[in-house]
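Input: a single structure, listed below in C-alpha cells.
The values are calculated or read from the model by the stated rules, or taken from the named source; none is laboratory data. Computed from a prediction, not measured in an experiment: that's the story for all the values here. Quick reminder, even Gly has a Cβ in these numbers, built from the backbone with ideal geometry, and neighbours come from all protein chains shown.
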Amino acid sequence: MDDHQLAGTLDAGPLAAKTPVLDTVTTEVAAVSGIEVDAPLPAVRLQGVTKRFPGGRNHDPVVAVDDLDLDIRDGEFFSLLGPSGCGKTTTLRMIAGFEYPSAGSLQIFGQEVGLEPPNKRPVNTVFQSYALFPHMTVAKNIAFGLEMQQLPVDEIDRRVAEVIELVQLQGREGRRPKQLSGGQQQRVALARALVNHPKVLLLDEPLGALDLKLRQAMQLELKRIQEQVGITFVYVTHDQEEALTMSDRIAVMDGGRLLQVGDPEEIYDRPRTRFVADFIGDTNLLIAEVLDADTARLYDGTVVRVPTGAPAGSTVTLAVRPEKLGLWHADAERDLRLDALTGTIRRVTFLGNAINYEVVAGERAPVELVVRQGNTPGIEHFADGERVRVRWLPGSVAVLED
Amino acid sequence: MSLTDTSGASRPLVADDSVIRPKRGVERLLAGNAWLVFAFLYLPILLLFVLSFNDNRVVGVWTEPSLRWYRAMITDSAVLGALRNSIVVAFISTVVSTILGTAAGLSLERFRYRGQRTYDGLLYLPVIIPDVTMAVMMLLFFVQAFDLLGAMLGVSATFGIGTISLSHIAFNISFVAVVVRARIVGLDPSLEEAAADLYASRWQAFRRVTLPLIAPGVAGGALLALTLSLDEVVITSFVAGPGSTTLPVYVFGLVRRGVTPLINAVSVLMLVGSMLLVLASLLLSRQRNTT
Ligand SMILES: Nc1ncnc2c1ncn2[C@@H]1O[C@H](COP(=O)(O)OP(=O)(O)OP(=O)(O)O)[C@@H](O)[C@H]1O
Ligand SMILES: [Mg+2]
C-alpha cells in the first residue's frame, strides 16, 4: 500500500502543485527527467561512497562513511538519522562538496559531481550554526548567492522579496543577524539557501539550537515550506521523533553504514535490525526459536505467528512495540486471531497520556515485556502483581536480521 | 589604622569590619605603588617634553621656553632625510608584510598541507630571535646575495632603503601573522563554506566574507608592523647603507656624539607619532568589539 502511494506521488510529480516561486526549477527538473524513459532520475544518487579521514589514534584512517548506496528521490523530504558520529554530517558535506569522497560515485540528477567544488553544484546548505554573514544585513545575506551568480539586480530584488515572504521575515530585511532571535536567524539561513532555487536543499540539524516549543513550530514550518516549493530536502538529524514527523523517507545510519531506508511507518513498524528497532522508539526484543516458515516459539513455550524467513531450529530476535500490545485478564476467554502470552505485572508506570505495564511471563526463562496502553476513558487499569494476558495481532511483530 | 577607628555607635551587628580593615591597608599600598610606577614611567616623558621647548644650547640648563629646536629640526636636512627614509621604509614594509603575513595566517589556519607544522613553528622564529642575531643574519644574507647577484647577473646592488625594507618585512611578517591568525581562529569556518555553497569562487569568498571579517585583525597587524618598523634600530643600523639611515638610527648616532636639545625635539616627534598609532589601534579594537 505504501509503495503504491509513493509511486503515485512520484508519477503525479511533486512538481504538479507548485507555487510560482520556483517555476524555473520546475521546468529544469521536468526537462531532465523527460530524458529518462522509465524511472525518474533520483535527485541524489550515492554509489559505494566511502569517506576516510586521515589520522586516527594509530594513524589508521577513520572511516566516517562506509560504502554507502543511496537514492534520494526528486521532491521528497529525506532524513539521514543516526546517533552522534555515525557519519550523517560527512555524508551531507560530500553532497554539498565540502568533502570529497575517498571512493564511489556521487550524482545529482544524473550528473557526476563527486569532485566538483561546492560553488559548481546545484545544491544549497542550511548550516547547523546558520553561518549567516555577520557583516551583512538580512537582505544582503539572502541576496549573496544570486549576486555571485550575477543575476540582474531587479531579479535579485524580486526573488529576495519573494523568499522573505515565504519564510515570513517581512520588515526585518535591514537587520543584522545578531539583531535577530534564533528562530529568525534560522529562517534567514533557510531563505538564503532557498532563494537560489537549488535542485537539492541540504540541512544539517537546522533546529538543533532551538528550544523545544520553537523547534516543534519550525518542524511544521519547514515541512510546509518544503511542500510549497517542492524541492528535495536532505535533512540530517539525530532526533528520531523529528525524522518520523517530517520525512517522506528515512535512512538510518550507524558507524558509517546504512542500516535501513524506508518511509517512517516502515522504519517504525518493520525495523530490520536490532539497532534500528532500538534507536527508534521503545521496543520489546524477544528471542525465539524458529518452528517453520510462519511460527516461532518463545523461551517460555508460547508459540507466535511471524513470517520467520529462517530455517527451522535457528534462533531469531523478534521486535514488537509496547503500544501494539494489549492487556487482558488472564482468565478471560482467548481470542484465537491474536497471539498471547500469560504473565504477571511487575510494575505500573503512569506517563500521563499512557500507562506502562512491565509484564514478566514464564518461570525458568522469564520473558519481559513492556505494554503501553493509552490513558483513554473507559480503558481497564491493572494493578501490580495481577495475572494478565498480553495479546497482539500477529502482523505487529517484526523479525530482525541480527 | 587601629581597630578602634570605626568601632563607633553605628557599628553593624554583623561584625565583619575586621575582615575588611586589613584589606584597606593593602589597597592603599597598591594605590601608592600605582602612583609610584606611574611617576616613574611618565616623569621622564614630561621632562623630555618640557626640555624640548628649552631655548638653551645645554640640555640641562633651563632659560626660557621656545620652539627653537623644533625650528631647527624641520630645517635640518639630515633629520628630514632620515624621517623620509623612515616613512618610506615603514610604508613599504607595512604593506608587503601585511599582505604576506595575512596570507601566512590564512594558510596556517585554513589549509592542510605537508610540512605545515614545521612552517608553523618557523614562522614565529623572528619574534623570539634576539634583534642582534637577526641583524647579523640579515647582514650576512645580503652580503652573500649581493656577491651572487654580481657574479651571475653582473648587477651590483648596495645597502640602502631596499635592504632596510626587506629586513623589516622579514620580521614584520611574523608579527602580522600572529595578530591576523588570532582573528581567523575566532572565525567560524562554515562562513567560508557558506560562501562557497552560495556560488562564490575562492577569491570571491575571500573578498566578500573572509576579508571583511578579519579586517580588524589585518588592520591591527598593519599598525603593529608600522610601529615596529618606525621604532627599529638594531637591525636597521646593520643593513643601512651610507646616507640611508632612518630616524631612530639617526637619533642613536646623534646621542653618541653628545646629547643636544635637537634630540629632545626629534624624540617628542617620535613619541607623538607612536602615541597616535597606539590611539588608532585602540579605536580600531573598540570598533571591533561593538560590531
Ligand atoms: N574532518 C575530520 N577529520 C577526521 N575525522 C572526522 C572528520 N570529520 C568527521 N570525522 C569523523 O567521522 C565520523 C563521523 O562524523 P560525522 O560528523 O559525520 O558524524 P555525525 O553523524 O554528523 O555526528 P553528530 O550527530 O555528532 O553530528 C566521526 O567519527 C568523526 O570523528
Ligand atoms: Mg553532525
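Among the residues of the range B:182-195, those that are buried (at least 17 other Cβ atoms within 10 Å of the Cβ) and either more than 7 Å from every other protein chain (Cβ to nearest Cβ) or hydrophobic (A, V, I, L, M, F, W, C) (or both) comprise B:R183, B:I184, B:L187, B:L191, B:E192, B:A194, B:A195. A single member of A:A383, A:A361 is in contact with a Gly (Cβ under 6 Å, 6 or more places away or on another chain) and assigned by TED's automatic domain parsing to the domain that holds A:L327, and it is A:A361. Pairs linking a residue in the range A:205-221 that is assigned by TED's automatic domain parsing to the domain that holds A:T245 to a residue that is within 16 Å of ligand 2 (Cβ to nearest atom), with Cβ atoms under 6 Å and 6 or more positions apart or on different chains, are A:E205/A:Q128; A:E205/A:V236; A:E205/A:T237; A:P206/A:V126; A:G208/A:Q128; A:R215/A:L207; A:M218/A:L207.
Among the residues of the range A:68-124, those identified as charged (D, E, K, R), under 20 Å from B:P189 (Cα atoms) and either surrounded by 23 or more Cβ atoms within 10 Å (Cβ to Cβ) or more than 16 Å from ligand 2 (Cβ to nearest atom) (or both) are A:K88, A:E116, A:K120, A:R121.
Within the range A:51-60, restricting attention to residues that are modelled with pLDDT of 75 or more and more than 14 Å from chain B (Cβ to nearest Cβ), the residue that is farthest from ligand 2 (Cβ to nearest atom) is A:H59.
Scanning the range B:167-195 for residues that are within 30 Å of A:A96 (Cβ to Cβ), of a type outside the set (A, V, I, L, M, F, W, C) and assigned to a helix (DSSP H, G or I) yields B:R181, B:R183, B:P189, B:S190, B:E192, B:E193.
Residues in the range A:212-229 include none that are within 16 Å of ligand 2 (Cβ to nearest atom) and not polar (S, T, N, Q). If you check B:A225 against the conditions, is it in contact (Cβ under 8 Å) with a residue 40 or more places away in the chain and in contact with a Gly (Cβ under 8 Å, 6 or more places away or on another chain)? Spelling it out, B:A225 is indeed in contact (Cβ under 8 Å) with a residue 40 or more places away in the chain and in contact with a Gly (Cβ under 8 Å, 6 or more places away or on another chain). For the range A:163-198, residues that are of a type in the set (K, R) and surrounded by fewer than 22 Cβ atoms within 10 Å (Cβ to Cβ) total 4. The number of residues in the range A:67-86 that are in contact (Cβ under 8 Å) with a residue 24 or more places away in the chain and near ligand 1 (Cβ under 10 Å from one of its atoms) comes to 6. Please determine whether any residue of the range A:282-305 is charged (D, E, K, R), in contact (Cβ under 8 Å) with a residue 60 or more places away in the chain and farther than 18 Å from A:V359 by Cα. Within the range A:282-305, one or more residues are charged (D, E, K, R), in contact (Cβ under 8 Å) with a residue 60 or more places away in the chain and farther than 18 Å from A:V359 by Cα.
Can you confirm whether A:V63 is away from ligand 1 (no atom under 15 Å from the Cβ) and either β-branched (V, I, T) or at pLDDT 95 or above (or both)? Judged against the criteria, A:V63 is not a match.
One residue alone among B:S190, B:S201, B:S174 is among the polar types (S, T, N, Q) and under 30 Å from the mean Cα position of the chain (by Cα), and that residue is B:S174. Scanning the range A:66-123 for residues that are away from chain B (no Cβ under 14 Å) and part of a helix (DSSP H, G or I) turns up A:K88, A:T91.
Exactly one residue among B:V61, B:V127, B:V136 is among the β-branched types (V, I, T), modelled with pLDDT of 90 or more and either surrounded by fewer than 16 Cβ atoms within 10 Å (Cβ to Cβ) or in a helix (DSSP H, G or I) (or both), and that residue is B:V136.
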